[in-house]
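This report concerns only the one structure given below.
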Amino acid sequence: MNVLETNSLVAGYGARTVLRGIDLAIAEGELVAVIGPNGSGKSTLVKCLSGFMKPREGEVLFRGRVIGSISGRELARELSVVQQLVPDAPAFRVRDFVRMGRYPHRGLFEAETAADRDAVARAAEMTGTVSLMDARLTELSGGERQLVYLARALAQSSRAVVLDEPVSHLDIAHAVRVMDVLREMHRGGATVVAVLHDINLASEYA
């Protein structure tokens, strides 16, 4: 089954159309890189694939269902999204920030469960952020923060993840670390879609 699919997708902003007639199928367990020049619509595609943006025409399907018909909470249990790294970071402790990824799996007033704690521990281990758990996001480098954002996404859902330029503005060491985590997820059966600017990384990993 295709995890994500678009049929005749048209999307844009105001009077400007960015995507026209996009047909795309991403199968279970694929690691796909989306590459292209600035302004070509990569981030717009990510917004549509993650349900953040409603297409003007056509449809986006998640596991065969129109993505707009799936509640945000239900979708978040299956699909996690990592947005572009921004300069400002909230002053959360890393542990609490990663735990936020588990909210879709609990009721509003339900306490943290053993499954939640295990998911957070696995995400921290996989991303190499165990030693950062007691730090604040504001104390981290850009590369460390990106790994923490990835850890939160992993804690949320390790089955499917969409990432918008996860290695932009990172030094090569952190970029490779992030891509290694994505490849490890892929080898574990996850479906990964990542917007990348670096063609060398795309060809190496995707």
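Computed with the Debye formula from one identical point scatterer per Cα of region 66-128, without solvent, the log10 of I(q)/I(0) at q = 0.12, 0.20, 0.24, 0.27 Å⁻¹ comes to -0.38, -0.99, -1.21, -1.29.
Rounded to the nearest 20 Debye, what is the dipole magnitude of region 78-206 about its Cα centre when Lys and Arg each give +1 and Asp and Glu each give -1 at the C-beta?
On the way: 14 positive and 18 negative charges, 65 e Å.
Roughly 320 debye for region 78-206.
Is the shape of region 39-88 best called rounded, prolate or oblate, per the rule: a/c under 1.5 gives rounded, else a/b larger than b/c gives prolate, else oblate, with a ≥ b ≥ c the square roots of the Cα gyration tensor eigenvalues?
Values: a/c = 2.53, a/b = 1.27, b/c = 2.00.
The shape class here is oblate.
Taking each residue as 0.36 nm, the span from Glu184 to Lys54 lengthens on full extension beyond its C-alpha to C-alpha distance by 43.7 nm. In the complete set of protein chains, residue-level accessible area for Ile172 is approximately 120 Å², probe 1.4 angstrom. When the GluC sites (Glu not before Pro) in region 69-150 are filtered for DSSP coil states and for at most 15 other beta-carbon atoms within 10 Å of their beta-carbon, the remaining sites are Glu110, Glu112. Note on the chain: with a GNM built from Cα contacts shorter than 10 Å, the maximum mean-square fluctuation among Ser71, Ser158, Ser43 falls on Ser71. Convex hull volume of the C-alpha atoms in region 13-113, normalised per residue: 172 Å³. Per residue, the solvent-accessible area of region 153-195 (1.4 Å probe, heavy atoms of protein chains only, all protein chains present) comes to 36 Å². Shown for region 1-85: the carbon plus sulfur share of the solvent-accessible area, taken with all protein chains present and a 1.4 angstrom probe, equals 51%.
Taking a ≥ b ≥ c as the square roots of the eigenvalues of the alpha-carbon gyration tensor, region 68-206 is classed oblate because a/c is 1.5 or more while a/b is no larger than b/c. At the residue level, Ser141 shows approximately 50 square angstrom of accessible surface with a 1.4 angstrom probe and all protein chains present.
The GNM of the chain, with springs linking C-alpha atoms under 10 angstrom apart, assigns the highest mean-square fluctuation among Ala119, Ala27, Ala91 to Ala91.
Dipole size of region 50-132 about its Cα centre, with +1 on Lys/Arg Cβ and -1 on Asp/Glu Cβ: approximately 80 debye, rounded to the nearest 20. Farthest toward the dipole's positive end in the chain, which of Leu19, Ala33, Val94, given Cβ charges of +1 (Lys, Arg) and -1 (Asp, Glu) about the Cα centre? Toward the positive end, the furthest listed residue is Leu19. In this structure, the amide hydrogen of Glu59, modeled 1.01 Å from its nitrogen in the peptide plane, lies closer than 5 angstrom to those of Asn7, Leu9, counting only residues at least 5 positions away or on a different chain.
Computed about the Cα centre, the dipole magnitude for region 1-58 is approximately 400 debye when only Lys and Arg (+1) and Asp and Glu (-1) carry charge, each at its Cβ. Computed extension length for Ala15-Arg106: 28.7 nm, one decimal, from 0.36 nm per residue of separation with the Cα-Cα distance subtracted. Beta bridges from DSSP with both residues in the chain: antiparallel share about 55 percent, rounded to the nearest 5. Note on exposure: Met53, Met1 ranked by accessible area (1.4 Å probe, complete protein assembly) read Met1, Met53, with the most exposed listed first.
Do the sum for the chain: with -39,500 (n - 2.57) for every DSSP H run of n ≥ 4, divided by all residues, what is the mean residue ellipticity at 222 nm, to the nearest 500 deg cm²/dmol? Please report the intermediate quantities before stating the final value.
Numbers: 7 runs with 73 residues, N = 206.
So the calculated ellipticity at 222 nm is -10500 deg cm²/dmol.
Restricting the chymotrypsin sites (Phe, Trp or Tyr not before Pro) of region 49-158 to loop positions (DSSP other than H, G, I, E, B) with no more than 10 neighbouring Cβ atoms within 10 Å leaves Phe109.
One Cα centroid belongs to region 130-206, the other to region 50-110; the line between them spans 16 Å.
Considering only Gly51, Gly12, Gly68, the Gaussian network model of the chain with Cα springs below 10 Å gives its largest mean-square fluctuation to Gly12. Label reach from Ser141 (point 7 Å along Cα→C-beta): in region 168-202, amide nitrogens under 11 Å belong to 170-175.
In what sequence, largest accessible area first, do Lys54, Lys47 appear using a 1.4 Å probe? Spell out each step's value before the answer.
Values: Lys54 180, Lys47 75 Å².
Putting Lys54, Lys47 in descending order of accessible area: Lys54, Lys47.
The values are calculated or read from the model by the stated rules, or taken from the named source; none is laboratory data. None of the values given here were measured: they were computed from a predicted structure. Quick reminder, even Gly has a Cβ in these numbers, built from the backbone with ideal geometry, and neighbours come from all protein chains shown. Heads up: the accessible areas ignore ligands, DNA and RNA and are worked out on the full protein's heavy atoms, side chains in. Shrake-Rupley method; radii C 1.70, N 1.55, O 1.52, S 1.80 Å.
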